[in-house]
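To start, the structure under review is shown below, and the notes come after it.
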Amino acid sequence: MEKEPLLMLPGPVPVPERVRLAMARQAINHRSAEFGAVYADCVRCLKPAFGTENDLVIISGSGTAGMEAAVANFGRTRKIACLVNGKFGERLYDISKRYGEPMLLKSEWGTPLPLDDLAASLEAGAEVVTLVHNETSTGIRNPAHEVGKLCRKHDALFIMDGVTSIGGDVVEADRWGVDVAIVGSQKCLAAPAGLAVVSLSDRAMERIADQRPYYLDLAAYRKNAAKDPMETPYTPAVPLFFALREAGLLIEEEGIEHRIMRHQRLAQSVRAAAEAWGLPLFPTTDALHGYSNTVTAIRMPEETTDSDLRGLVKRLGVVIAGGQDHLKGKIFRIGHMGAVGAPEVLATLGAIQAAMGRLGCEHSGDGVAAAAAHLA
Ligand SMILES: *Cc1c(COP(=O)(O)O)cnc(C)c1O
């Protein structure tokens with residue numbers, strides 16, 4: 001029997017059976033008490049993962065739809081300071097070019113952000129700031145709390161991509177002063193791809209642009225979500241809402257603190273394996289920037305290539321990610337987010353270690369054993 005591969009990507013991630021089965025239901029009217037209750041459950045279960053009391057709205061579209069909605073509704077014709085140290089930071093900058101006047105505040109991918117430049121941009125009149133909290137392309141965690149403080153000091157709106165932190169790492173949107181936070185369903189939430197959840201502060205809504213997109217008009221989303229029963233402006237992807245509710249209930253049952261601790265332990269175990277192998281982690285961290293809790297980026301061993309290593313790991317039944325853009329061939333990335341635990345992580349590390357051995361990579365120690373020491 002051909003077994004389905006284990007997806008250890010930074011999204012999409014394996015979806016628990018309970019979540020998958022929720023999609024097999026008969027269609028329902030999306031203007032009904034039944035749908036409204038599903039939407040309400042999603043919101044209730046996800047608010048703790050955002051660390052917010054603000055309203056959440058759900059868009060039928062991937063994480064990028066949420067990013068575009070945020071910039072288009074709050075950044076239009078405004079000066080937007082875009083903090084960029086990886087692929088998804090670049091994406092927010094590219095979106096900002098379509099709608100506003102972006103100022104690029106950039107550092108090398110995977111290195112600490114230029115926060116001094118942010119202070120200067122805010123002095124120079126930036127009204128909106130974009131940040132990727134957990135930069136999936138490089139495995140660095142950016143200092144959302146510090147960025148939030150600067151935004152508040154200068155009364156700027158803070159848009160935070162939390163696509164691979166919300167549901168897997170500590171996010172305190174309200175305490176940090178995040179006005180708009182975004183998550184995608186197929187990452188730490190362990191739901192199928194296709195929904196974006198966006199939190200909206202009152203401060204943001206007071207400043208929403210007059211000229212807004214039609215399909216992604218967040219004022220319309222918020223107005224419809226405030227109805228009883230809750231609604232979306234247009235027909236939503238109802239089966240995905242069924243799935244997201246089930247994924248949300250799983251988060252609620254586990255408890256967000258426990259879920260974050262589970263992710264922390266998995267991240268520590270993967271870093272311990274890399275250390276035992278003598279392979280450096282890709283990001284450069286400092287007092288404010290840390291290693292991601294949900295994805296680990298490791299330098300490719302010199303003795304092999306991306307296609308050989310990931311190809312052999314794939315034949316062993318595990319799918320891991322390579323580097324994106326200029327990091328292709330230089331790093332590989334292991335996603336350890338969502339519903340996975342010790343068995344999945346140990347299988348992944350075992351496959352990588354076996355592949356490296358067969359490909360003639362010198363690695364000093366036993367990464368699997370080093371990881372296991374963190375898991376039990
Ligand atoms: C995956 C991801 C996104 C969204 O990508 P989609 O393919 O549109 O879901 C945005 N930001 C980060 C940090 C991501 O990891």
**OP:** State the Cα centre-to-centre distance between segment 55-82 and segment 170-193 in whole Å.
**Re:** 13 Å
Subject >> Within the chain, percent of DSSP bridges classed antiparallel, to nearest 5 >> reply: 55 percent
Subject >> Tensor-based shape of segment 196-245 (alpha-carbon gyration tensor, a/c under 1.5 rounded, otherwise prolate or oblate) >> reply: prolate
**OP:** Would you calculate a helix-derived [θ] at 222 nm for the chain, using -39,500 (n - 2.57) for each DSSP H run of n ≥ 4 and dividing by the full residue count, to the nearest 500?
**Re:** -13000 deg cm²/dmol
Subject >> Mean-position separation - Cα centroids, segment 256-306 and segment 23-45, in angstrom >> reply: 37 Å
Original post:
Picking from 238, 214, 266, whose Cα lies most toward the positive end of the charge dipole for segment 168-319 (charges on Cβ: Lys, Arg +1; Asp, Glu -1)?
Top reply: 238
Subject >> Listed residues 89, 360, 168, most fluctuating in the chain (Gaussian network, C-alpha, under 10 Å) >> reply: 360
Original post:
Can you pull the Rg over Rh of segment 80-134, Cα-only, Kirkwood?
Top reply: 0.93
Original post:
Per-residue HN-Hα couplings for segment 192-208, Karplus 6.51 cos²θ - 1.76 cosθ + 1.60 at θ = phi - 60°, whole Hz, x for Gly and Pro?
Top reply: x, 5, x, 10, 10, 10, 10, 9, 10, 7, 4, 4, 5, 5, 5, 10, 4
**OP:** Could you give the size of the charge dipole of the chain about its Cα centre, using +1 on the Cβ of each K and R and -1 on the Cβ of each D and E, expressed in debye and rounded to the nearest 20?
**Re:** 540 debye
**OP:** Could you pull out the longest piece of the chain with no exposed loop chymotrypsin sites (Phe, Trp or Tyr not before Pro) in it, calling a site exposed if DSSP puts it outside H, G, I, E, B and it has at most 16 other Cβ atoms within 10 Å?
**Re:** 1-213
Subject >> Computed magnitude of the charge dipole of segment 217-361 (debye, nearest 20; Cβ of K, R +1, Cβ of D, E -1) >> reply: 260 debye
Subject >> Tail beyond 28 Å, pair distance distribution of segment 17-254 (Cα, percent) >> reply: 26 percent
Original post:
Hey, in the GNM for the chain with a 10 angstrom Cα cutoff, which one of 126, 354, 24 fluctuates hardest?
Top reply: 24
Original post:
Taking segment 170-256 as the region of interest, what is the percent of Cα-Cα pairs per 10 angstrom bin, listed from the shortest bin to the one with the maximum distance?
Top reply: 14, 42, 38, 6, 0
Original post:
Once amide H atoms are placed 1.01 Å from N in the peptide plane, what residues at a sequence separation of 5 or more from residue 282, or on another chain, have their amide H within under 5 Å of its amide H?
Top reply: 297, 298, 299
Original post:
So how many Å³ per residue does the convex hull of the Cα atoms of segment 120-225 work out to?
Top reply: 125 Å³
Original post:
In a GNM of the chain with a 10 Å cut-off on Cα contacts, which of 253, 231, 68 has the highest mean-square fluctuation?
Top reply: 253
**OP:** Please go through segment 250-342 and write out the trypsin sites (Lys or Arg not before Pro) that DSSP classes as loop and that have at most 15 other C-beta atoms within 10 Å.
**Re:** 328, 330
**OP:** Determine the per residue accessible area of the chain with all protein chains present and a 1.4 angstrom probe, expressed in square angstrom.
**Re:** 40 Å²
Subject >> Those trypsin sites (Lys or Arg not before Pro) in segment 1-46 that DSSP places in a loop and that have at most 14 other beta carbons within 10 Å >> reply: 3, 25, 31
**OP:** Heavy atoms only, probe 1.4 Å: what % of the accessible area of the chain goes to carbon and sulfur, would you let me know?
**Re:** 50 percent
**OP:** For segment 262-376, just the Cα set please: Rg and Dmax, both in angstrom.
**Re:** 13.1, 40
Subject >> Most positive-pole-ward Cα, 182, 133, 29, against dipole of the chain from beta carbon charges >> reply: 29
**OP:** Take the Cα atoms of segment 11-67, build their convex hull, and give its volume per residue in Å³.
**Re:** 128 Å³
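The values are calculated or read from the model by the stated rules, or taken from the named source; none is laboratory data. Note that this is a predicted model, so its numbers are computed, not measured. Positions of Cβ are backbone-derived with ideal geometry, glycine not excepted, and every protein chain shown enters the neighbour counts. Quick note on the areas: whole protein, heavy atoms, side chains included, nothing else; ligands and nucleic acids left out. Shrake-Rupley method; radii C 1.70, N 1.55, O 1.52, S 1.80 Å.
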